[in-house]
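**Q** Sharing a structure, written as structure tokens. Questions coming.
The values are calculated or read from the model by the stated rules, or taken from the named source; none is laboratory data. Please read these numbers as outputs of a predicted model, since none were measured by experiment. All Cβ positions, glycine included, derive from the backbone under ideal geometry; neighbour counts span all protein chains shown. Just the protein is used for accessible areas: all its heavy atoms, side chains included, with ligands, DNA and RNA removed. Shrake-Rupley method; radii C 1.70, N 1.55, O 1.52, S 1.80 Å.
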Amino acid sequence: MPSVPADQPRKWTPLPASWRRAALDQTGTVLLESSLPSETQHHSYLFLAADRVLTAHSPQELPSLFEAIEQALAEGHWVAGSLDYEAGSHFLDLPTRVTRTPLATFGIYTAPRIFDHTSDSTDEPEPPRPGPLPIAPMLRIRREDYTAAIARIQRWIAAGDTYQLNFTTHALSPYADDAATLYAALQTQQPCSYGAILNLLPQSKPSSASHRNSSSAPHPTAR
């Protein structure tokens, strides 16, 4: 019989399907779902019905948002949400690109529902496991802009200004299915410590973030 890796628990109960449905159906909700069996990260967190939602649409609004988060934590609340990549300009004193969505969105909560995958059990069916995603990502950057950006990064490295940069850009892909199917496919194809469904603002599309070394864990921004 094959042995269980040292960092993988012997029991792992999948998250009940109703938790994902609640996150997708109810505005003001955040789901942090653990789908990579681990002895150290085996809890999922469902934040329902935010007491209030904090947003920042510009770097100038971020300091007051952070102050509100610290105040909420000091009062015993939980905080869960997201920072866009573009918010990093606030910390580096760089120009900020105009975005269609807030730079930061966080919900303030009394407490989350917590599911322990190593000890809790459920009679509900586990979420579906769909097949590969039928998508064809298309980069939203011109070849000449990409080439210029890479050349600039190489100059910075050659000058000793940095030793590593993560070059990111946007990609688009047509997708005909619903958000639930998309999220389930991402979780199946890329299990991670914490995948997320963020459904904080009215008329916003629930999104999922899936990174093997995710930093979306409840600590420290969710108490």
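**Q** Are any residues in the stretch 51-62 open to solvent by less than 50 Å² (accessible area, probe 1.4 Å) and touching a Pro at 6+ places or on another chain (Cβ under 8 Å), and if so, which ones?
**A** Passing the criteria: only ALA56.
**Q** Of these, LEU65, LEU48, LEU36, LEU32, which one is open to solvent by less than 20 Å² (accessible area, probe 1.4 Å) and either within 17 Å of the chain's Cα centre (by Cα) or modelled with pLDDT under 95 (or both)?
**A** Of the residues listed, the single one that is open to solvent by less than 20 Å² (accessible area, probe 1.4 Å) and either within 17 Å of the chain's Cα centre (by Cα) or modelled with pLDDT under 95 (or both) is LEU32.
**Q** Just to be sure, is SER193 modelled with pLDDT under 50 and either closer than 25 Å to LEU73 by Cβ or open to solvent by less than 50 Å² (accessible area, probe 1.4 Å) (or both)?
**A** no
**Q** Which numbered condition trips up GLY160, out of (1) on the phi < 0 side of the Ramachandran plot; (2) open to solvent by less than 90 Å² (accessible area, probe 1.4 Å)?
**A** (1)
**Q** If you go through the stretch 11-29, how many residues are open to solvent by less than 30 Å² (accessible area, probe 1.4 Å) and farther than 21 Å from SER121 by Cβ?
**A** 2
**Q** Being of a type outside the set (A, V, I, L, M) and part of a loop (DSSP other than H, G, I, E, B) is the filter here; which residues of the stretch 98-108 pass it?
**A** Selection gives THR99, ARG100, THR101, PRO102.
**Q** Among the numbered criteria (1) out of contact with any Ser or Thr (no Cβ under 6 Å at 6 or more places or on another chain); (2) in a helix (DSSP H, G or I), which single criterion is violated by GLN187?
**A** (1)
**Q** Continuing with the same structure: If a residue must be open to solvent by 100 Å² or more (accessible area, probe 1.4 Å) and in a strand (DSSP E or B), how many such residues does the stretch 109-140 contain?
**A** 3
**Q** Separate question: Would you please name the residue that is surrounded by the most Cβ atoms within 10 Å (Cβ to Cβ), looking only at residues in the stretch 79-108 that are in contact (Cβ under 8 Å) with a residue 24 or more places away in the chain and of a type in the set (Phe, Trp, Tyr)?
**A** Out of the qualifying residues, it is PHE106.
**Q** Kindly list, by first and then second residue, each pair from a residue in the stretch 32-52 that is of a type in the set (Val, Ile, Thr) to a residue that is buried (at least 20 other Cβ atoms within 10 Å of the Cβ) and part of a loop (DSSP other than H, G, I, E, B), limited to pairs with Cβ atoms under 9 Å and residues at least 6 apart or on different chains.
**A** Hits for this filter: THR40/SER193.
**Q** Somewhere in the stretch 141-154, is a residue open to solvent by 90 Å² or more (accessible area, probe 1.4 Å), outside any helix (DSSP H, G or I) and in contact with a His (Cβ under 9 Å, 6 or more places away or on another chain)?
**A** No - not one qualifying residue is present in the stretch 141-154.
**Q** So, ALA180, is that one under 26 Å from SER34 (Cα atoms) and either modelled with pLDDT of 85 or more or not in a helix (DSSP H, G or I) (or both) or not?
**A** For ALA180, the condition - under 26 Å from SER34 (Cα atoms) and either modelled with pLDDT of 85 or more or not in a helix (DSSP H, G or I) (or both) - is met.
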